1. Given the structure, is Gly205 touching a helix residue (DSSP H, G or I) at 6+ places or on another chain (Cβ under 8 Å), assigned to a loop (DSSP other than H, G, I, E, B) and modelled with pLDDT of 95 or more?
2. Give me the residue from the range 176-200 that is in a helix (DSSP H, G or I) and open to solvent by 10 Å² or more (accessible area, probe 1.4 Å) and, out of that set, farthest from Thr110 (Cα to Cα).
3. Check Glu43, Glu49 and return the single one that is open to solvent by 10 Å² or more (accessible area, probe 1.4 Å) and either in contact (Cβ under 8 Å) with a residue 40 or more places away in the chain or among the polar types (S, T, N, Q) (or both).
4. What number of residues within the range 1-37 are surrounded by 16 or more Cβ atoms within 10 Å (Cβ to Cβ), in a loop (DSSP other than H, G, I, E, B) and touching a residue at least 40 places away in the same chain (Cβ under 8 Å)?
5. Return the pair list, or none, for Cβ contacts closer than 8 Å from residues in the range 143-171 that are open to solvent by less than 60 Å² (accessible area, probe 1.4 Å) to residues that are among the hydroxyl-bearing types (Ser, Thr, Tyr) and assigned to a helix (DSSP H, G or I), at least 6 apart or on different chains.
6. Tell me yes or no: at least one residue of the range 27-37 is modelled with pLDDT under 95, under 20 Å from Asn176 (Cα atoms) and of a type in the set (S, T, N, Q).
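The values are calculated or read from the model by the stated rules, or taken from the named source; none is laboratory data. Source: prediction; values computed, not measured. Here the Cβ positions follow ideal geometry from the backbone for every residue, glycine too, while neighbour counts run over all protein chains shown. Keep in mind that these areas ignore ligands, DNA and RNA; they rest on the heavy atoms of the full protein, side chains included. Shrake-Rupley method; radii C 1.70, N 1.55, O 1.52, S 1.80 Å.
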Amino acid sequence: MLWDIDHTLIETRGVGGDIFKRAFQEVTGKGLTRRADISGRTELDIMRESLAVNGMEPTNELVARLADALVDGYEARRDELGQVGRVLPGARETLAELADEETVLQTVLTGNLRSVARIKLEVFGLDGFLDLAAGAYGDDASDRAQLVSIAQERASDRFGSTFTNDQTLLVGDTPNDIRAGVAAGVRVLGVGTGKTPSADLLNAGASAVVDSLVGVSARVRRRPTGGTGWLA
């Protein structure tokens, strides 16, 4: 299973946005007057567009400095993130229950930078349920759909078993999450815990949609061919 993080498993409740603004100010010396749309996009893509719409050339060097500052910002504000943010309903229970299933491998597919994803999951105590080395992150590729095959390849390398599209379930809360899974040819579960109505997630191509992660683990079962299956 490939889990999105923000608005699927957790919410930073404004802390993440403020960290980005401060990192932008620190690196560029200018205030962030406009920020790129962040919904379901990779962090590298967001940083490049945010620099461009604020009148700066998004060079590789500047993007790299912004990425470093973003990671440092999350490290420095771990306690605040844990106090202000929250784990979404059902997320911890679902991850814990599926972690006990021998046939289920859980990792992440997220637009977050690898280090930022790790910090967020550690802060909320979710990292132990996920094999983060098998995941794919926003600093692996700008195109979110490419992250699916990256995660599959990493999981296959780690466990010596091929993870096919039929055995892969992506879980996310935005149309971009859904479209990435559809483009990659995997099944997608939409979760209505973000800002997108459930109907829009279905229209984007989700195999199924739930209002929250409460009770979701009971609907993931072993398939005859191995791997996991989403049973609506």
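1. Numbers: touching a helix residue (DSSP H, G or I) at 6+ places or on another chain (Cβ under 8 Å): yes; assigned to a loop (DSSP other than H, G, I, E, B): yes; modelled with pLDDT of 95 or more: yes.
Taking the combined requirement at face value, the residue satisfies it.
2. Step one: list which residues in the range 176-200 are in a helix (DSSP H, G or I), which gives 176-184, 198-200.
Add one more test, that the residue is open to solvent by 10 Å² or more (accessible area, probe 1.4 Å), and what stays is 176, 179, 182-184, 198-200.
On the way: Asn176: 11, Arg179: 14, Val182: 15, Ala183: 16, Ala184: 15, Ser198: 20, Ala199: 22, Asp200: 20 Å.
Of everything passing the filter in the range 176-200, Ala199 is farthest from Thr110 (Cα to Cα).
3. Details: Glu49 fails: either in contact (Cβ under 8 Å) with a residue 40 or more places away in the chain or among the polar types (S, T, N, Q) (or both).
Matching residue, one of Glu43, Glu49: Glu43.
4. Total meeting the criteria: 7.
5. Phe163/Ser156
6. No: zero hits.
The rows are residues; the columns are (1) at pLDDT below 95; (2) out of contact with any helix residue (DSSP H, G or I) (no Cβ under 8 Å at 6 or more places or on another chain).
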| residue | (1), (2) |
| --- | --- |
| Leu109 | no, no |
| Ile119 | no, no |
| Leu132 | no, no |
| Asp139 | yes, no |
| Gly160 | yes, yes |
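Table: residues versus (1) under 22 Å from Gly194 (Cβ atoms); (2) open to solvent by less than 50 Å² (accessible area, probe 1.4 Å); (3) in contact (Cβ under 8 Å) with a residue 40 or more places away in the chain.
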| position | (1), (2), (3) |
| --- | --- |
| Gly73 | no, yes, yes |
| Lys120 | yes, yes, yes |
| Asp127 | yes, no, no |
| Ala134 | no, yes, no |
